[in-house]
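Chemist: Attaching a single structure in structure tokens format; questions to follow.
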Amino acid sequence: MADIALCRIDSRLIHGQVMTKWVNQSQANRIIVVSDDLANDDFMRSIYLMSAPEGIKVDCFTKRQTIDSFADGRFGAGRVLLLLPDLASMKELVDCGVNVTSIQVGGLGGAPNRKVVFQNITLDDADAAVLDDLSSRGIEIYFQTIPEDAPQGVESILKKYRS
């Protein structure tokens with residue numbers, strides 16, 4: 001069974017930092033992008049798949065495909081960087097049995113009713129509720145945009161959000 005080397009929440013999905021820094025940092029040999037929108041858009045999916053460096057396999061699955069693939073062992077072997085665009089998607093996967101022990105929040109963009117909590121990461125009330133829920137299940141959650149940043153624990157981020 002594959003080892004989830006890094007589970008990252010980043011609304012930008014695959015971009016330069018993911019490819020050049022987080023793949024190397026996690027020593028992942030596969031990226032699984034979980035996005036219903038991207039999985040159902042042939043053109044955009046092909047662009048994402050072509051962006052991978054040599055030797056890194058990229059798959060783009062819907063949430064349902066990810067849940068089913070995890071359940072029946074189709075993640076295969078190796079070290080996986082699991083990449084999701086938002087916290088709600090992560091909660092759905094965990095609720096359906098995808099076992100993660102640690103979640104890195106690396107980028108959630110701005111929008112109305114969202115509050116900046118760490119660099120380019122914003123939260124809203126729904127995100128805060130998801131973070132509370134996942135954290136209460138014993139999942140380690142931290143905020144870190146690039147490897148050079150010191151990780152920030154979910155407790156301090158939620159305290160900042162609620163202040």
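The values are calculated or read from the model by the stated rules, or taken from the named source; none is laboratory data. What you see is a predicted model, and the numbers here were worked out from it, not measured in a lab. Every residue, glycine among them, receives a Cβ derived from its backbone with ideal geometry; neighbour counts consider all protein chains shown. Note: accessible area is taken over every heavy atom of the protein model, side chains too, but ligands, DNA and RNA are not part of it. Shrake-Rupley method; radii C 1.70, N 1.55, O 1.52, S 1.80 Å.
Chemist: Is there any pair with a first residue in the range 136-150 that is more than 15 Å from L108 (Cβ to Cβ) and in a strand (DSSP E or B) and a second that is small (G, A, S) and at pLDDT 95 or above whose Cβ atoms are under 9 Å apart and which are 6 or more apart or on different chains, and what are they?
Modeler: Note: pairs meeting the criteria are E140/S102; E140/G153.
Chemist: Just a yes or no: is a residue in the range 35-48 open to solvent by 20 Å² or more (accessible area, probe 1.4 Å), under 16 Å from V80 (Cβ atoms) and touching a strand residue (DSSP E or B) at 6+ places or on another chain (Cβ under 7 Å)?
Modeler: Yes, the range 35-48 contains a residue that is open to solvent by 20 Å² or more (accessible area, probe 1.4 Å), under 16 Å from V80 (Cβ atoms) and touching a strand residue (DSSP E or B) at 6+ places or on another chain (Cβ under 7 Å).
Chemist: Here's a check for you: in the range 116-128, which residue that is open to solvent by 60 Å² or more (accessible area, probe 1.4 Å) and either farther than 14 Å from K160 by Cα or assigned to a loop (DSSP other than H, G, I, E, B) (or both) is modelled with the highest pLDDT? Spell out how you get there, then give the answer.
Modeler: Step one: filter the range 116-128 for residues open to solvent by 60 Å² or more (accessible area, probe 1.4 Å), giving 116, 119-120, 125-126.
The next check asks that each one be either farther than 14 Å from K160 by Cα or assigned to a loop (DSSP other than H, G, I, E, B) (or both); those that pass are 119-120, 126.
Working: Q119: 91, N120: 86, A126: 97.
This residue is A126.
Chemist: Filter the range 12-34 down to residues that are buried (at least 20 other Cβ atoms within 10 Å of the Cβ) and closer than 15 Å to P85 by Cα and give me whichever is modelled with the lowest pLDDT. Give the derivation first.
Modeler: If we filter the range 12-34 for residues that are buried (at least 20 other Cβ atoms within 10 Å of the Cβ), which is where we start, we get 13-14, 18, 22-23, 26, 28, 30-34.
Checking which are closer than 15 Å to P85 by Cα leaves us with 13-14, 18, 31-34.
Details: L13: 84, I14: 79, V18: 65, I31: 90, I32: 92, V33: 93, V34: 96.
Applying the filter and picking the extreme gives V18.
Chemist: All but one of (1) over 27 Å from A150 (Cα atoms); (2) surrounded by fewer than 20 Cβ atoms within 10 Å (Cβ to Cβ) hold for C60; which doesn't?
Modeler: Answer for C60: the failing condition is (2).
Chemist: Looking at this structure, is G55 in contact (Cβ under 8 Å) with a residue 40 or more places away in the chain and surrounded by fewer than 17 Cβ atoms within 10 Å (Cβ to Cβ)? Let's see the steps before the verdict.
Modeler: Values: in contact (Cβ under 8 Å) with a residue 40 or more places away in the chain: no; surrounded by fewer than 17 Cβ atoms within 10 Å (Cβ to Cβ): yes.
Criteria not met by G55.
Chemist: Being touching a helix residue (DSSP H, G or I) at 6+ places or on another chain (Cβ under 9 Å) and either part of a helix (DSSP H, G or I) or open to solvent by 40 Å² or more (accessible area, probe 1.4 Å) (or both) is the filter here; which residues of the range 96-115 pass it?
Modeler: Applying the first criterion (touching a helix residue (DSSP H, G or I) at 6+ places or on another chain (Cβ under 9 Å)) to the range 96-115 yields 96-100, 103-108, 113-115.
Selection gives C96, G97, N99, N113, R114, K115.
Chemist: Okay, moving on. Testing Q65 on (1) part of a helix (DSSP H, G or I); (2) open to solvent by less than 60 Å² (accessible area, probe 1.4 Å), one condition comes back false. Which one is that?
Modeler: (2)
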